[in-house]
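The values are calculated or read from the model by the stated rules, or taken from the named source; none is laboratory data. All values reported here derive from a predicted model rather than from experimental measurement. Heads up, the Cβs are rebuilt from the backbone with ideal geometry, glycines too, and the neighbour counts pull from every protein chain shown.
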Amino acid sequence: MWPAKFLPKHDPDFISHLEEFRYRLIVSLVTFVAVSVISYFFSKQILDFLIEPLRRHQEVQLYFQKPYEAFLIHLQVAALSGVVVASPVLVTQLWLFIAPGLFEHEKRVALPLILITTLLFFSGVIFAYRVVIPWGLYFLLSFQTESLKPLLGVGPYFSFLIGMILACGVLFDFPVMLVGLVQLGILRTAQIARARRAVIVVIFIVAAVLTPSPDPISQLMLALPLLGLFEISLAVARVIEKKRPKS
């Protein structure tokens with residue numbers, strides 16, 4: 001037996017943080033699983049809703065080539081619905097976990113940023129479904145001819161759809177990071193303005209990399225609103241910077 005002084009000491013604060021993290025994680029997982037299970041029973045209606053952008057242009061049927069592929073698509077759709085519907089609960093649990101460790105001025109910044117981040121993510125999802133995906137499909141399907149007809153598989157279509165939705169949702173949150181860094185004093189708006197050309201290039205590169213479709217229309221439809229959000233966030237950051245007390 002090792003003497004007691006050589007045994008590792010347990011930090012009560014560290015143990016309490018682990019217990020808090022475990023509780024928040026369990027609540028998040030239970031919420032996600034519950035919403036996913038409920039969504040599975042409505043997966044047919046959700047599938048019809050997700051296929052709607054494809055059917056706006058023409059009556060194209062989706063096919064599956066493996067016996068279990070249709071079942072997996074239903075599971076993926078249920079899981080995607082679980083993430084989207086349960087995201088407010090997930091963000092709330094994350095906020096409740098990190099809030100006790102923040103200073104008061106950090107809490108005043110963090111909570112609005114979390115709310116705005118959630119709203120922008122859903123805005124990106126809606127923008128992808130209403131604008132980017134339909135235009136991308138219109139461009140891609142316009143190359144068919146009398147001798148070249150589309151035979152779309154359900155797996156590749158939903159990979160394209162989910163990838164585009166997640167890419168738009170995540171990219172719409174980038175301007176929030178910019179405003180948050182200015183609010184915390186890590187960046188200044190003058191520095192960002194001087195790097196505007198580099199930011200524009202980076203936006204187009206990121207849109208090209210994260211867009212699951214190789215067509216330029218989808219990439220352009222994603223990059224243009226990001227440029228607009230960048231300019232809006234820069235204007236908001238300037239207002240915040242003027243109101244922040246100088247050190």
Among the residues of the stretch 7-28, is any in a helix (DSSP H, G or I), under 20 Å from residue 158 (Cβ atoms), modelled with pLDDT of 80 or more and of a type outside the set (Gly, Ala, Ser)?
no
Looking at the stretch 36-50, which of its residues are of a type in the set (Phe, Trp, Tyr) and surrounded by 12 or more Cβ atoms within 10 Å (Cβ to Cβ)?
40, 42, 49
Residue count for the stretch 65-78, restricted to those that are out of contact with any Phe, Trp or Tyr (no Cβ under 8 Å at 6 or more places or on another chain) and under 19 Å from residue 163 (Cα atoms):
2
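Per-residue answers, yes or no, for (1) surrounded by fewer than 18 Cβ atoms within 10 Å (Cβ to Cβ); (2) in contact (Cβ under 8 Å) with a residue 40 or more places away in the chain; (3) closer than 30 Å to residue 95 by Cβ:
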position	(1), (2), (3)
128	no, yes, yes
133	no, yes, no
138	yes, yes, no
142	yes, no, no
145	yes, no, no
153	yes, yes, no
160	no, yes, no
163	yes, yes, yes
Where residue 88 falls short, out of the listed (1) at pLDDT below 80; (2) under 26 Å from residue 132 (Cα atoms):
(1)
Scanning the stretch 213-235 for residues that are more than 20 Å from the chain's Cα centre (by Cα), in a helix (DSSP H, G or I) and either modelled with pLDDT under 75 or surrounded by fewer than 18 Cβ atoms within 10 Å (Cβ to Cβ) (or both) gives 216, 217, 231, 235
Among (1) closer than 24 Å to residue 124 by Cβ; (2) in contact (Cβ under 8 Å) with a residue 40 or more places away in the chain, which single condition is residue 181 missing?
(2)
